[in-house]
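So the structure is just underneath, and the comments pick up after that.
The values are calculated or read from the model by the stated rules, or taken from the named source; none is laboratory data. Quick caveat: nothing in here was measured; it's all calculated off a predicted structure. We place every Cβ from the backbone using ideal geometry, glycine too, and count neighbours over all the protein chains shown.
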Amino acid sequence: MKKYLSYSNHDVAVIHDENESEAVLSGLKRLQVERDIKSDDVVVLTPNWVNNQKTNPSDGVVVGPETLRTIIKWVKARSPRRIIIATGAGSGNTKQVMEEVGFDLVIEEEQVEFIDFNTGPYVTLSLNHKKPNTIKVNKIINEMTYHISFTQLKTHEEATMSASIKNMALSWPTTEEHGSPKKNLGIHEELHGFIAAMAESIKIDLAIVSANPVMIGTGPTKGIDKHTGLIICGRNPIAVDSIGARLLGFMEQGIGYIHLLKNKGFKETDIKAIPMKGLSLVDAEKIFSEKVYGEKMILETV
């Protein structure tokens, strides 16, 4: 099978700060990503706005609007040519989620563009997958030069885990083609294969995953939110999500799409080989387990 993308920098920053925005900024500083965005870039920021069943960010269903503002301001300081907030709710109306949470005010006040992935115009994207082997996505994909995925860490009743890759893979397809929720044309029949194929086709240049809160139990909307104060970020979404999976208790074999990516040649799933910035994985596990389960637990000895 053809491997469409590659990642050269596997550093992952894990930061603990009860202030989510400060944790994100600290992680980005540790990674030294401030020079990655150039003046001619078209930056697309894809936040998780799954649906409007729960629109309080403290529930862990949608991202926090103030942290979204923080990331927008960080991008604006790099002076790219365009900044676009672009996403598509998995079910329901994207703009309704935007308005109920207050994302619309952030976008208006920060004077950035907004694109609803659930509306066109579209281009056709080929996938390294059987069903579907093509999907329609917004034409901004042909103009985008830098892509940020911002989401929460969750257990997920179908995908096992939701983090930066799952956020991207289910945000970009349009409900006009796949229905609401996005299950037409077979996306969910081989969901892990679909997510892996999307990861091969749409690059994430910066993955920001918040475990403040993390959702445990049954995600994406029915679980229990636990505030850990942890943020995971990096230039490599596969490495970032592999660390997130381990905090939830999974090896890469336990997350189907990550295991598929490993078998397709992406070796960034080896958590023992991922360079850590900020907290070590062991220290992150101690904080995570104590905040989530009430008792310190170490899964790794790296």
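If the condition is being among the charged types (D, E, K, R), in contact with a Pro (Cβ under 9 Å, 6 or more places away or on another chain) and surrounded by fewer than 20 Cβ atoms within 10 Å (Cβ to Cβ), then the stretch 137-160 contributes LYS139, GLU157, GLU158. Within the set ILE258, ILE208, ILE231, the sole residue that is more than 13 Å from the chain's Cα centre (by Cα), buried (at least 24 other Cβ atoms within 10 Å of the Cβ), β-branched (Val, Ile, Thr) and at pLDDT 90 or above turns out to be ILE258. Scanning the stretch 262-278 for residues that are surrounded by 15 or more Cβ atoms within 10 Å (Cβ to Cβ), within 20 Å of ILE208 (Cα to Cα) and either in contact with a Lys or Arg (Cβ under 9 Å, 6 or more places away or on another chain) or polar (S, T, N, Q) (or both) yields PHE266, GLU268, THR269, ILE271, LYS277, GLY278. A search for C-beta distances below 9 Å between a residue of the stretch 120-148 that is of a type in the set (Lys, Arg) and at pLDDT 95 or above and any residue that is buried (at least 16 other Cβ atoms within 10 Å of the Cβ) and part of a strand (DSSP E or B), counting only pairs 6+ apart in sequence or on different chains, returns LYS139/TYR122.
Looking only at residues in the stretch 5-23 that are outside any loop (DSSP other than H, G, I, E, B) and touching a helix residue (DSSP H, G or I) at 6+ places or on another chain (Cβ under 6 Å), the one that is surrounded by the fewest Cβ atoms within 10 Å (Cβ to Cβ) is SER21. All conditions in (1) under 15 Å from ALA163 (Cβ atoms); (2) of a type outside the set (A, V, I, L, M, F, W, C); (3) part of a helix (DSSP H, G or I) hold for LYS272, with the sole exception of (1). Within the stretch 60-81, no residue satisfies the criterion of being under 16 Å from the mean Cα position of the chain (by Cα), at pLDDT 95 or above and part of a loop (DSSP other than H, G, I, E, B). Inclusion of GLU176 among residues that are modelled with pLDDT under 95 and more than 26 Å from ASN93 (Cβ to Cβ) is not warranted. For the stretch 243-256, enumerate the residues that are farther than 21 Å from GLU190 by Cβ, of a type outside the set (A, V, I, L, M, F, W, C) and part of a helix (DSSP H, G or I). Once the filter is applied, which keeps residues that are farther than 21 Å from GLU190 by Cβ, of a type outside the set (A, V, I, L, M, F, W, C) and part of a helix (DSSP H, G or I), the stretch 243-256 yields GLY244, ARG246.
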